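The values are calculated or read from the model by the stated rules, or taken from the named source; none is laboratory data. Only a predicted model underlies this, so the values are computations on that prediction, with no experimental measurement involved. Ideal geometry is used to build each Cβ from the backbone, glycine not excepted, and the neighbour counts take in all protein chains shown.
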Amino acid sequence: MGDTGFAVRLDGVTKRFGKRNAVDSFDFEVPRGTICGLLGPNGSGKTTTIRMIMGILHPDEGSVSLFGSDPDVTRRTKVGYLPEERGVYKKMKCLEFVTFLGEIRGIRRGEGRKRGLEWLERLGLTDWADKRVEDLSKGMQQKIQFIGTVLHEPELLILDEPFSGLDPINQDVLEEIVRDFHAKGTTILFSTHLMDQAERLCERVCLISDSKKVLDADLRELKASERKGVVAIEFEGPDAWLQGPEIDRVEAVKGGFHLILRDGADHQTILRRGVQSGVRILRFDLVEPRLHEIFVRHAGAGAVGSSGMPTGTKLGTAAAGGA
Amino acid sequence: MMWMNVWAVIRREYLQRVRSKWFIGATILAPVIMTALIVVPAYFASEGERSARDLAIVDGTNVLYERVADEFVEGGWTVHEERWRADVVTELRQAAADGSIGGFVMLDQLTLETGEAIMYATDRPSPIRQLTMRSTIARAALEYQLEQRGVDARAMLAGGELRIEMLSGEGSQLDDPAFGVAYLGAFFLYMVILLYAVSVMRATLEEKTSRMVEVIISSMKPWHLMLGKILGVGAVSLTQLTIWLLAGALMFVSGLPMLISARPEMALLAGVAEALPGPRLVLLFVGFFVFGFFMYAGLHAAVGAMCNSDEEAQQAQFPILMLLVVPIIMVLNVIQDPMSPLATGLSLFPLFTPILMWARVASGAVPAWQIGLSFVIMALAIVAIAWLAGRIYKVGILMAGKRPTLPELYRWIRVG
């Protein structure tokens, strides 16, 4: 088990549906204990990648390893997998349902019931324990699914678009639980197309666009390296101080200007020049690049929110090719 | 670990089904309601009509009373003979008015010649009772007349007898041919095998329609899921069959005598009870059901895995349905000539065995080795079907979209 530092590792993985490459020579690693975000627009290959990790699809080329070995059933039961296509057994009672999901992953029924009750209480669903799943609202069903995903205390959580369909309050609840699992040492891999969410939660991000990996890095390092030097300023007075070798160009933005600095330039020099020139500086602010901008910068503006993307890979074509 | 998750699936299938309204309705209420429908009115009838069934029989012929008395008693009446005397009618009218008897029947010379008799009754008997009474009296008269000519009328009117002497000596120890048991049993087998095999198909579709398939298949082998589903539904079917058989047995052991005493016109049912299969046949019936269920459940599981909706599956199961219908079409021929080479051959084709071998066993003398062989063949067929269905299931369960064509299916089986 502990023979590698990676919970998940993909090596040159390609998956074709018909002639189209759904995932194209993909290298990807999730180090143990990290929260890793798989980011990309709809149809970029996130779900296909996750299905290959879970052994539901098989790659046409390359290899997938889970905890350092083939993703066989024994290893997969150590994963808590919340698929994009979320289902429930409607006629089952909530507690029975989550207990059942624990049981097929090796948690005895008594233990499963105990944990299930604890989780239901934590998510405010105690009163629903003996109600049928079909009687719950969509949001509550999603919580039940989540409990089913984590009941067996997996070493790795794989969550495919876990936040979609949840209201902001429950998104926060879920985020907090994900953080708790992270604090306990659980490895977490989740896919999302919401950059803000990823920015808040992730330690690592993997950006994919159009079936290809664009970027795969530690988020903090990424941001540091991507900080191209953008300074937001507001001032009163003449603008002569904005002429200088450090400044590539000036962009007018709402309520002021963005100074785009040249590589290696020191913003401190500019600030000093401004103060000396006697202008009244109201704001001088180093701008962190947002994940969204980084993504656009690397994948091209067309890749984000493009409506021309094929949406959601359907299982059908997937299995037909993956037998 | 492996058995734990199979066990979890069995448990889930079993409990979900056994708790469903359908199961409770079909299993428990159906026999209860059926029994109640027959027994309750009969019970009340037996309370209300007790006095009405106390009959006096005035026999002017002196030969008819002893011939009709037994059959009247068998039909639920209490009878006593009154001697013919001048004012017997007036006396008996008075007794009927008092309520000490329910009525009286007059038999005289005319009865002997034409079968005509007169009944004085406080309540008009039901048409069926009238019919029973009429035929009893007419037959008694006919018997008497024929006996006068030296004919054993009773034996002849009972339908004569054909004694079979087995030349081969083989199988003579087996049950008497019982057409009804063979025929109805075959139909019942067809119904229950189909019913529960289709349940397995639906159960397979459940993961797809509920979109649980990814979660389940990522945690357990498809083969284990299929096994759990089949065993779960199988356990439900045995529960249901057991309840039905016990209810039926109870009906015949305690319900029927009560019924006949209350409703004499239903005495014919007593004959049915005698024709009921013995424990050996019941055991074979359950055996044929269990083996048949496993074969067809495997096939239906594979069909379920290929399809995406109940409607689609119903179409796709057609070829399998034909495999069950063929023996039902053949069953009459097989019952008529259970030892013919055709009947023997067909009954040893495993998918036909449950229905046709049952029909042969119930209707004639099938050598024990053939029965044993048929179970061995079915067991081998189950293994083969499990292998085949498991492979189709493995690929199909994750499949959505178009149903596979035959070449695609072949590829699934090859790579599965």
Can you tell me which residues in region B:194-215 are in a helix (DSSP H, G or I) and of a type in the set (D, E, K, R)?
-> B:Arg202, B:Glu206, B:Glu207, B:Lys208, B:Glu214
Given the residues A:Thr74, A:Thr48, which is the only one that is within 14 Å of chain B (Cβ to nearest Cβ) and within 29 Å of A:Leu219 (Cβ to Cβ)?
-> A:Thr48
Taking region A:77-108 as the search range and keeping residues that are more than 7 Å from chain B (Cβ to nearest Cβ) and among the acidic types (Asp, Glu), which one is surrounded by the fewest Cβ atoms within 10 Å (Cβ to Cβ)?
-> A:Glu84
When you go through (1) more than 30 Å from A:Cys202 (Cα to Cα); (2) under 33 Å from the mean Cα position of the chain (by Cα) one by one for A:Ile281, which number turns out not to apply?
-> (2)
Scanning for something hydroxyl-bearing (Ser, Thr, Tyr), farther than 18 Å from B:Val9 by Cα and either in contact with a His (Cβ under 9 Å, 6 or more places away or on another chain) or surrounded by 16 or more Cβ atoms within 10 Å (Cβ to Cβ) (or both), does region A:120-132 turn up at least one residue?
-> no
Report, by residue number, each residue of region B:121-152 that is of a type in the set (Ser, Thr, Tyr) and either assigned to a loop (DSSP other than H, G, I, E, B) or loosely packed, with under 14 Cβ neighbours inside 10 Å (or both).
-> B:Thr122, B:Ser126, B:Ser135
Please report, ordered by residue number, the strands (runs of 3 or more DSSP E) entirely within region A:23-82 with at least 3 residues that are small (Gly, Ala, Ser) and more than 28 Å from A:Ile144 (Cβ to Cβ).
-> A:61-66
Determine if region A:52-63 includes at least one residue that is at the interface with chain B (Cβ under 10 Å from one of its Cβ atoms) and β-branched (Val, Ile, Thr).
-> yes
Report, ordered by the first and then the second residue, all pairs with beta carbons closer than 9 Å, sequence separation of six or more or different chains, a first member in region B:384-399 that is closer than 13 Å to B:Met201 by Cβ and outside any helix (DSSP H, G or I), and a second member that is β-branched (Val, Ile, Thr) and modelled with pLDDT of 85 or more.
-> B:Ile397/B:Thr204; B:Ile397/B:Val213; B:Ile397/B:Ile216; B:Ile397/B:Ile217
Give region A:118-157 a look and list any residue that's more than 14 Å from chain B (Cβ to nearest Cβ), under 18 Å from A:Tyr89 (Cα atoms) and in a helix (DSSP H, G or I), or say none.
-> A:Leu120, A:Trp128, A:Asp135, A:Gly139, A:Met140, A:Lys143
Selected residue [at the interface with chain A (Cβ under 8 Å from one of its Cβ atoms) and part of a helix (DSSP H, G or I)] from B:Ser218, B:Ser237 | B:Ser218
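Hey, could you check region B:359-375 for residues that are small (Gly, Ala, Ser) and in a loop (DSSP other than H, G, I, E, B) and say which is surrounded by the most Cβ atoms within 10 Å (Cβ to Cβ)?
The qualifying residue surrounded by the most Cβ atoms within 10 Å (Cβ to Cβ) is B:Gly364.
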If we take region B:273-358, then helices (runs of 4 or more DSSP H) inside it with 2 or more residues that are of a type in the set (Phe, Trp, Tyr) are B:279-306
Does B:Trp412 satisfy the criteria of being within 24 Å of B:Gln315 (Cα to Cα), of a type in the set (Phe, Trp, Tyr) and within 14 Å of another protein chain (Cβ to nearest Cβ)?
-> yes
